[in-house]
Amino acid sequence: NIGPDNASYIKSQAGFADYYTGYGWYGQLTLMDPFLGYQLYMVNEDEFTYPSGNVLSVRPQENIISINNNVSTWNVNPHDYEFNGSATIEVIIDGAKINKKDYYLAAFDGEECVGLAKSYQFLLNDLYIFGLMMYNDKEHAFLTFKLYDTDNNRYIDLKQQLNFDSDMHLGNGLNPMLF
């Protein structure tokens, strides 16, 4: 019951969503659980009540993200980390935009996988993007990235690097970061 266009971003430990004028909320965070915590970025001061009506909840183990195949295993459990941040990312490989849902983007702090997202087509502009939550036990860290192409079972080291900052929110579906 927050007024229209009065909030821009919400995140939990395991997902986030951005608010788009004329459309509403869009992102991995589709349901709120009254037993979990959230950060809500407001445009103006407002008051709201949650929950109202029937509530659905998600069991924490459903938030564990992983890729398991014969080459490598990437696992991320958001509940293992103190800090998180998010980025909405579009990836271009050899001059071509990713244009299918068969890719995973992973963030690494050294050898540890600290973020993992599958590509999806954003409804408002048809771009294929990644809504990537990244995690760490440090408020600031240096991250590198790899891409996994499920169709060709190949891994691609990306040149992009990023300074992780706790609570960062980079890009959105209409203006994603470009890797």
Where residues in the stretch 41-55 are farther than 23 Å from M168 by Cβ and surrounded by 10 or more Cβ atoms within 10 Å (Cβ to Cβ), which of them is modelled with the lowest pLDDT?
-> V55
Contacts under 6 angstrom Cβ, first residue in the stretch 76-105 being acidic (D, E), partner outside any strand (DSSP E or B), 6 or more apart | E82/D137; E90/L127; E90/P176; D102/T150; D102/D151
Unmet criterion (only one of (1) closer than 20 Å to Y26 by Cα; (2) of a type outside the set (K, R); (3) at pLDDT 95 or above; (4) open to solvent by less than 10 Å² (accessible area, probe 1.4 Å)) for A107 = (1)
If you take the residues of the stretch 13-24 that are surrounded by 15 or more Cβ atoms within 10 Å (Cβ to Cβ) and modelled with pLDDT under 90, which of them is farthest from the chain's Cα centre (by Cα)?
-> Q13
Within the stretch 95-111, considering residues that are part of a loop (DSSP other than H, G, I, E, B) and of a type in the set (K, R), the one farthest from the chain's Cα centre (by Cα) | K100
Considering the stretch 64-92, residues that are surrounded by fewer than 17 Cβ atoms within 10 Å (Cβ to Cβ) and part of a strand (DSSP E or B), and then whichever is modelled with the highest pLDDT, we arrive at I92
Residue hits (the stretch 150-171; touching a residue at least 24 places away in the same chain (Cβ under 8 Å) and either on the phi > 0 side of the Ramachandran plot or over 18 Å from the mean Cα position of the chain (by Cα) (or both)) are T150, D151, N153, Y155, I156, D167, G171
The number of residues in the stretch 112-170 that are of a type in the set (K, R), assigned to a strand (DSSP E or B) and at pLDDT 95 or above is 1
Could you tell me whether any residue of the stretch 124-141 is open to solvent by 60 Å² or more (accessible area, probe 1.4 Å) and on the phi > 0 side of the Ramachandran plot?
-> yes
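The values are calculated or read from the model by the stated rules, or taken from the named source; none is laboratory data. Note that the structure is predicted; figures quoted are calculated from it, not measured. We place every Cβ from the backbone using ideal geometry, glycine too, and count neighbours over all the protein chains shown. Heads up: the accessible areas ignore ligands, DNA and RNA and are worked out on the full protein's heavy atoms, side chains in. Shrake-Rupley method; radii C 1.70, N 1.55, O 1.52, S 1.80 Å.
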